[in-house]
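Read-outs: derived from the displayed coordinates by stated rules, not from any lab. Everything numeric here is computed off the predicted structure, so don't read it as measured data. Here the Cβ positions follow ideal geometry from the backbone for every residue, glycine too, while neighbour counts run over all protein chains shown.
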Amino acid sequence: MAYLDHAATTPMLDEALEAYVATAREVGNASSLHASGRRARRRVEESRERVAAALGARPSEVIFTGGGTESDNLAVKGIFWARRGADARRTRVVSSAVEHHAVLDAVDWLGRHEQAEVGWLPVDGAGRLHPDALRAELAEHGDRIALVTAMWANNEVGTVQRIAELAAAAAEHGVPFHTDAIQAVGQVPVDFAASGVAALTVTGHKLGGPVGIGALVLARDVAAVPLLHGGGQERDVRSGTLDAAGIVAFAVSVEAAVKGQLEYTARVAALRDDLVERVRQAVPEVVFNGDPTDRLPGNAHFSFPGCEGDALLLLLDAQGIACSTGSACSAGVAQPSHVLLAMGADDDRARSSLRFSLGHSSTAEDVDALIAALPAAVDRARRAAALRTPR
Amino acid sequence: MRVLAAMSGGVDSAVAAARAVEAGHDVTGVHLALARNPQTYRTGARGCCTLEDSRDARRAADVLGIPFYVWDMADRFHADVVDDFVAEYAAGRTPNPCLRCNEKIKFAAVLDRAVALGFDAVVTGHHARLGPDGLLRRSVDEAKDQSYVLAVLTREQLDRSIFPLGDSTKAQVRQEAAGRGLAVADKPDSHDICFIADGDTRGFLAQRLGEAPGDVVDATTGAVVGRHGGAYAYTVGQRRGLHLDRPASDGRPRYVLSITPKTNTVTVGPAEALEVATVRATRPVWTVGPRPDGPIECEVQLRAHGVVVPAAVTVDGDTLHADLRQPVRGVAAGQAIVAYRPDPAGDIVLGSATITA
């Protein structure tokens, strides 16, 4: 079994799992006043400090959430509502065409239900955002923009954006900038304060922590209207009993991922480069998608001309190789990736794509297994796709 | 063998897949997404096109421990089945969309794709027997027998098909599903037409073909006895919903005898005028062996779950001719005539053709 889908989720680190189990064995609600509560609170607050330190933020800026989707929704909707509440003219949201659905659909929802205007920033053929496009957007609409949201690194094609430059442009106009850094933390250097962003999404299960725990790092001076109302546990921005075990394991994984990032990047990028080179040799017509240099170390994304990604996935799965078409499903039916379409790919190229993503547990054998299975799979997928020619 | 199990989300296809696994095949489950917009199709547990059905199929596949994928066949299904369905009604015929789906989708588009991807056969939950002798026979459960809608399959298609349920009754299949821990064990049967959400075929056709008022004419007197909103809404043999202005002179019920799209006329008459002693059909498919030269004595069935009568069938080029040994009422163009050879081990499908007159 070759697991080449670390961008979907990556195995938990042993130390994170151990920390989880140890904490989960202890009783205690971090909001309780007695000894058990104090112990849980101490674990949570220590974890908050560790996450903050790893990400270049202050502890009070770390808001624990139920994961990346919640953090993205809280940032996009919460900051929009707060900014519009403070200044009714600020009804515009600026985002990019290649965001994850957690941002894309939240922005789209604001457009459909909150009368938000949406400015979509284009990307180039490598999936890169250009700061000039954002500057033009800010120059034209700056006083009406509630927030800008753009991902640090793309989950499908792996392109890493120049976030600091984009955030600086927004800051010049006093517009808060949110970034979904789910794919970036532990893969590339991420420093909240140095980047100049106002809000940053991070999640546990992409970096060796548990599923269902994440954080929104939110600068102290940026207000967000809560999505979840209740006990107000997290700065009154997020309610819900704190998941002490999840938070502790999350902190362990964030710390480990950030601390090991340089070594990780060198090792995984070398494996990835080997994978890319050998895929190119095995299937010479392959198209390599995304930025060739500014990209996530574990990401290899290809279009296989004349194939359908779906068929390739099925065939590789049957050979014990796990990968992804990288695109969202609608009713279980794969849709052409909005990311590739935004990069100028046509429908066929978008549908012919596969993502192989490496991670901390990847080995050279995983790459060998893929290369052994790929040519036959491509051959068969081509035959299947040929049947689809219009009648 | 490497086989592809078509899984609708119903109990039959789930048990069929389970039996294929048990027979030692390397089974992959596939749910066919046939609706362009799933919400527009049937909701609840009646059909085979909802998101819930897709989830039921996936759940069953997970219980069986087999890979599961959704294949998007919506465009093909629309062109080959739904559009064809509407066009056939517009032409005054009465199509059978399940049969068309088997012919064009399940055992064509899906099977071809499966073969291209390296599968040896397709497994479905149809109630029919297909043994090692390669003969297609009726299910042991006569009430659930689906050999009629499979009779359009060619030898090549049948050679790559597996129907694991033919030796079981529906009750046995449900019991087995429960025993295997499949949650769909007591899911209601699907019926009617999967792409007509509310079962209102007339409304579905009216929406697509529009109102087309015309005359209802009495075959005996030639008199106009009523008006209709669209001839496509009628099928030969239909008695209900004729909305005739005047009762027949003899006071007996009248039935639709024929539909003439050219003049947009529906002709009605007494029951005995429905009786047909000969049937002509086109595009014969011969399941067993080479196409016969001379007339063959067999039994024929003229619609799904219809009566079965003895007949002499001759095939001449693209035309099939059947002399029925006893007259049959309500034979509609567009339906299939399926020829069977009676057999103690289950009646054998010989072939089929599309009724033209």
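Excluding the site residues themselves, the longest part of chain B lacking any GluC sites (Glu not before Pro) in a DSSP loop with at most 13 other Cβ atoms within 10 Å is B:212-357. The shape of segment A:282-366 can be summarised by an equivalent ellipsoid whose semi-axes, obtained from the alpha carbon gyration tensor, come to 20, 17, 13 Å from longest to shortest. Helical content alone sets the calculated 222 nm signal of chain B at -6000 deg cm²/dmol, taking -39,500 (n - 2.57) per DSSP H segment of four or more residues and averaging over every residue.
Here the 3J(HN,Hα) profile of segment A:321-326, calculated from phi with Karplus coefficients 6.51, -1.76 and 1.60 at θ = phi - 60°, is 10, 9, 9, 9, 7, x Hz, Gly and Pro shown as x. Between helix A:364-386 and chain A there is an angle of about 60 degrees, using the helix long axis and the longest principal axis of the Cα atoms. Residues within the reach of a label modelled at A:D87 (point 7 angstrom out along Cα to beta-carbon, backbone nitrogen below 15 Å), restricted to segment A:176-208, are A:176-177.
Rg over Rh for segment B:274-355 works out to 0.93, using Cα positions for both radii and the Kirkwood form for Rh. A Förster distance of 45 Å, applied to the separation of the beta-carbon atoms of A:A223 and B:D198, puts the FRET efficiency at 0.35. Counting Cβ atoms of other protein chains within 10 Å of each residue's Cβ and taking the mean over peptide B:324-331 gives 0. Loop-located chymotrypsin sites (Phe, Trp or Tyr not before Pro) across segment B:187-274 with a Cβ neighbour count of 10 or fewer within 10 Å are lacking, with loop assigned by DSSP.
Given N residues in segment B:209-267, what is its alpha carbon radius of gyration divided by 2.2 N^0.38 Å?
Expressed relative to 2.2 N^0.38 Å, the Cα Rg reads 1.02.
Taking the charge dipole of chain B about its Cα centre, with +1 at Lys and Arg Cβ atoms and -1 at Asp and Glu Cβ atoms, the residue from B:S190, B:H126, B:A143 reaching farthest to the positive side is B:S190. The calculated 222 nm mean residue ellipticity attributable to helices in chain A amounts to -13000 deg cm²/dmol, summing -39500 (n - 2.57) over DSSP H runs of n ≥ 4 and dividing by all residues. Of A:L121, A:L33, A:L207, the residue with the greatest mean-square motion in the GNM of chain A, using alpha carbon springs below 10 Å, is A:L33. For segment A:112-170, the alpha carbon convex hull comes to 97 Å³ per residue, rounded to a whole number.
Computed over segment A:15-259, relative contact order equals 30 percent, with contacts defined as Cα pairs under 8 Å that lie 6+ residues apart. Only one residue of A:A2, A:S32, A:L275 has its Cα farthest out toward the positive end of the dipole of the protein assembly as shown, where Lys and Arg carry +1 and Asp and Glu -1 on Cβ, and that residue is A:S32. Taking N as the residue count of segment B:2-186, its C-alpha radius of gyration divided by 2.2 N^0.38 Å amounts to 0.98. Converting phi to 3J(HN,Hα) with the Karplus coefficients 6.51, -1.76 and 1.60 and the offset θ = phi - 60°, segment B:256-266 yields 6, 9, 7, 10, 10, x, 4, 9, 6, 10, 10 Hz in sequence order, with x at every glycine or proline.
Couplings for segment A:267-274, taken from phi via the Karplus curve 6.51 cos²θ - 1.76 cosθ + 1.60 with θ = phi - 60°, read 5, 6, 5, 5, 4, 4, 4, 5 Hz in order; Gly and Pro are left as x.
The B:R240 and B:A178 beta-carbon pair, evaluated with R₀ = 56 Å, returns a calculated FRET efficiency of approximately 0.90. I'd like the orientation of helix A:309-318 relative to chain A: the angle between its Cα long axis and the longest Cα principal axis, in ° from 0 to 90, rounded to 10. Approximately 90 degrees, to the nearest 10.
Kirkwood radius for the protein assembly as shown, taken over all pairs of different Cα atoms as the inverse mean of 1/r, rounds to 29.7 Å. If you average the sequence gap of Cα pairs under 8 Å that are 6 or more apart and divide by the length of segment B:211-269, what percent do you get for the contact order? In percent, rounded to a whole number, it is 39. Under 15 Å between alpha carbons, and skipping anything fewer than 8 positions from B:K170 in its own chain: which aspartates and glutamates qualify? In chain and number order, the partners are B:D12, B:D141, B:E142, B:D145, B:D186, B:D189. In this structure, the amide hydrogen of B:V217, modeled 1.01 Å from its nitrogen in the peptide plane, lies closer than 5 angstrom to those of B:V225, B:V266, B:T267, B:V268, counting only residues at least 5 positions away or on a different chain. Note on chain A: Cα-Cα pairs beyond 37 Å make up 23% of the total pair count. With an 8 Å Cα cut-off and a minimum separation of 6 or more residues, compute the relative contact order for segment A:17-123 in percent. About 17 percent, as a whole number.
Among the residues of B:112-119, the average count of other protein chain beta-carbon atoms within 10 Å of the residue beta-carbon is 6.
Provide the FRET efficiency to the nearest 0.05 for the A:A97-B:T282 pair, computing r from the beta carbons and using R0 = 45 Å.
0.30
Ranked by how many other Cβ atoms sit within 10 Å of their own Cβ, fewest first, the residues B:I259, A:I371 fall in the order A:I371, B:I259.
Taking the square roots of 5 times each eigenvalue of the Cα gyration tensor of chain B, largest first, gives ellipsoid semi-axes of 37, 25, 17 Å. Simple point charges give the picture: +1 on the Cβ of Lys and Arg, -1 on the Cβ of Asp and Glu, and for chain A a dipole about the Cα centre of about 660 debye. If you take every residue apart from A:R351 with its C-beta less than 12 Å away from the C-beta of A:R351, what net charge results, scoring Lys and Arg +1 and Asp and Glu -1? Charge balance in the 12 Å sphere: -4.
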